[in-house]
């Protein structure tokens, strides 16, 4: 700075000259560069001034307005929840063939075969005895009588009547009337023949096991006692027959057919038969046939229902004795004699077929839920010749005279179902052959079955 300016500056200070400076001047850029003149308060010596070289205050930055608390972010309105789908129904198992369950109307794969009717049958075969004996008169001529002997319960052993291939839970009762089933025929001129009817009842129950794949069945035949009397023979039958136990198991089954294998065991629970022969020998004779034989009856059964209208049943079975019966021939009068023999029943083969058609079926009906018609053919033959038992004066041949038989019978039947669990069946059987191959004139049968 020049000397002249310096002196001038100090002279101004000495003269007490005060140059006021407004507030804005302090803020001017010049004041900021040269410093700041500060005047002391009035209580201090007026002549004293201080010069301070201070840093200019920093410009005051206005305080920001108080920060508003941050607004909480607005959550978007929740979307309406989609409708909750109903809980999934449990997975339905694939239809499996179960013929032993109660078939429902909406399950035709069960209802078709499991509700197919049983076979009817035709069963009656007596034991034929041909008795050749010398008469007691003075001529010494011989007399021959052909005599039908009813076995225990009225007829030959078990037959697959009112049965089918599929094991079933059921209780049943059957009635059979055989017209002119027993006959006593004298081959001597002038002696008449006699016929007798047989009325037989059968009570049975079948129970399944092994998840319905097998069953056990019990049958007990009961017959009305029969009396038959001629000049050559007289007898009276007993009522209780042989208990039959049957085991059956499925070999194959699907929605339209079933094949099963079974074994029936005929137990000798019935009584034997005693026959009086008044004209045999000098003073007559007596023939006693004991019921000792156990019969084993294996069978193969087939059942089919190809559609909702037609059904079929078939049986192939063999009836063979496991042991012999005892036979006693006793001569009466003064010269009494007793002869004991063994009698082996003939082995029989049965072949049975049954065709049926549903004429009406409504499982939802209150009363009558089904009506079906059946037509059946039954064939029976002997596989061996008949036994011959004889003593000194007479000969007795047991079985068909020719040693074999070939019987063919036809059955017409009606099957009705009531309220899905009760079955009432009626049938008529007629033989198609004559002679030794015809065992009755006709048969009428009724069955009542309660099926689960």
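Only the coordinates and a few stated rules stand behind these numbers; no lab work does. Because the structure is predicted, anything quoted here is derived from the model rather than measured. Methodologically, a virtual Cβ is constructed for each residue, glycine included, from the backbone with ideal geometry; neighbour enumeration extends over all protein chains shown.
Some notes on this structure:
- When peptides 200-207, 359-366 are sorted by average Cβ neighbour count within 10 Å, with the highest value leading, the order is 200-207, 359-366.
- For the pair residue 300 and residue 177, label points projected 7 Å from Cα toward Cβ lie 3.8 nm apart.
- Projected label points at residue 365 and residue 247, each 7 Å from Cα along the beta carbon direction, are separated by 4.0 nanometres.
- Order of 451, 112 - criterion: other Cβ atoms within 10 Å of each residue's Cβ, fewest first: 451, 112
- When each of the peptides 208-220, 240-252 is scored by how many other beta carbons lie within 10 Å of its residues on average, the order from highest to lowest is 240-252, 208-220.
- Peptides ranked, highest mean first, by Cβ atoms within 10 Å: ranges 321-332, 113-124: 113-124, 321-332
- Packing-based exposure ordering (other Cβ within 10 Å, fewest first) of 418, 125: 418, 125
- Region 229-299 and region 323-353: distance between their alpha carbon centers, rounded to Å: 13 Å
- Label sites at residue 203 and residue 384, each approximated as a point 7 angstrom past Cα along Cα to Cβ, lie 3.5 nm apart.
- Treating r as the C-beta distance of residue 193 and residue 322 and R0 as 60 Å, the FRET efficiency rounds to 0.95.
- Rg over Rh for region 108-451 works out to 1.03, both radii taken from alpha-carbon positions and Rh defined as the Kirkwood radius.
- Hydrodynamic radius of region 195-257 by the Kirkwood approach over all distinct alpha-carbon pairs: 14.9 Å.
- Proxy reagent accessibility, fewest Cβ within 10 Å first, across 287, 296: 296, 287
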